[in-house]
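Structure record follows, encoded as structure tokens.
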Amino acid sequence: MAKQNTVFKDAYNRTLKLIEETDTLPSEPELGGLLSVSRTTVRAVLTRLGEVGLVAWDKRSKTVLRRPEQSDYFPDEETSSLSEIIERSFMRRILAGGAQPGMQINELELAREIGIGTTSVREFLIRFSRFGLIEKRPNSHWVLKGFTREFALELTEVREMFELRSAAAFVRLAEEHPAWAELKAVEAQHHALLADIDNRYMEFSELDERFHLLVQKASSNRFIIDFYDIISIVFHYHYQWNKTNARARNQRALEEHVDYIKALFSRDPSAIEKACRQHLKSARETLLQSIQETA
């Protein structure tokens with residue numbers, strides 16, 4: 001069964017990411033907004049940080065005492081939501097099969113592998129099928145229709161429309177909005193990754209997902225945010241099914257992200273649109289190349 005208390009553990013791990021790059025933490029309401037959790041969860045996180053000697057918490061003062069080590073983090077499998085666990089298992093099966101059109105996915109086997117009931121798996125597959133990547137067959141079977149060039153072009157066209165709108169909305173966020181603090185933390189992670197690119201380039205896909213989701217959320221549009229799930233799955237996992245020139249490709253994307261983030265902080269609409277379009281153009285090219293080379 002899925003691990004319990006994943007909300008707290010996920011919030012705790014994300015707070016550790018924050019204190020890797022800062023000496024103090026914001027107020028409880030700001031931290032709650034940044035993590036999208038309740039004040040009760042924020043206080044539970046701060047209590048644990050104090051217990052393990054990471055933060056000195058005295059009313060409004062939250063001073064970082066030391067940088068977190070890997071052992072301070074909860075394991076990934078304990079912080080994932082049920083939907084994330086299903087998504088990860090689903091994509092693991094697709095990648096293991098080479099993401100070839102016609103491969104079969106059995107919802108009963110997938111549910112057994114995860115250790116959950118079939119209802120949750122079926123709901124995920126039905127939701128995923130809306131985009132035409134998989135198709136329902138009798139007896140709890142699904143068939144992968146394939147990541148075609150046509151699908152990729154349609155996906156990137158919609159992604160560009162949505163992200164340009166979201167990036168423009170980011171500029172209008174109030175200065176005290178938690179998204180700016182998270183953007184600063186994301187920027188620091190980009191510089192850290194670039195500084196050790198030879199050893200850490202495979203970590204890019206996770207950071208890529210975090211950055212673009214942050215931008216999408218600025219739209220406050222439930223349909224854009226919901227659609228980003230499918231965008232995230234395809235763009236996140238294509239880095240894994242094609243590792244050709246992965247280091248150079250990921251370094252280029254990281255550098256484009258840095259320019260994009262710099263433009264967001266500038267609040268200059270023309271600079272933001274230019275950086276956004278340049279990065280999305282590169283992402284489209286690498287996705288199409290991945291599909292062509294694995295066809």
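The values are calculated or read from the model by the stated rules, or taken from the named source; none is laboratory data. What you see is a predicted model; the values in this text were computed from it and never measured. Backbone-built Cβ (ideal geometry, glycine too); neighbour counts: all protein chains shown. Just so you know, the surface numbers come from the protein's heavy atoms only, side chains and all, with ligands and any DNA or RNA stripped out. Shrake-Rupley method; radii C 1.70, N 1.55, O 1.52, S 1.80 Å.
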Checklist outcome for this item: Non-local residues with an amide H under 5 Å from the amide H of K62, with H modelled 1.01 Å from N and Pro and chain starts lacking one, are L25
Checklist outcome for this item: For the chain, averaging the sequence separation of alpha carbon pairs under 8 Å that lie six or more residues apart and dividing by its residue count, the contact order in percent is 17 percent
Checklist entry - From the Cα gyration tensor of the chain, with a ≥ b ≥ c the square roots of its eigenvalues, which class applies: rounded if a/c is under 1.5, or else prolate if a/b is larger than b/c, or else oblate? => result oblate
Next on the checklist: Can you compute the helix-only [θ] at 222 nm over the chain? Use -39500 (n - 2.57) per DSSP H run of at least 4 residues, normalise by all residues, nearest 500 deg cm²/dmol.
Outcome noted: -22000 deg cm²/dmol
Checklist entry - Hey, which lysines would be in cross-link range of K145, C-alpha to C-alpha under 17 Å, not counting anything within fewer than 8 residues on its own chain? => result K136
Item to check | 1.4 Å probe accessible area per residue over the chain, in Å² | outcome: 51 Å²
Checklist entry - Rounded to the nearest 0.05, what FRET efficiency do A195 and Y73 have when you use their Cβ-Cβ distance and R0 = 22 Å? => result 0.60
Checklist entry - Which of the lysines could a cross-linker span from K262 if the Cα-Cα distance has to be under 22 Å and same-chain partners fewer than 8 positions apart are dropped? => result K17, K184, K217, K274, K281
Next on the checklist: For I105, what residues show an amide H to amide H distance below 5 Å, using hydrogens built from the backbone and excluding near sequence neighbours?
Outcome noted: W142, V143, L144
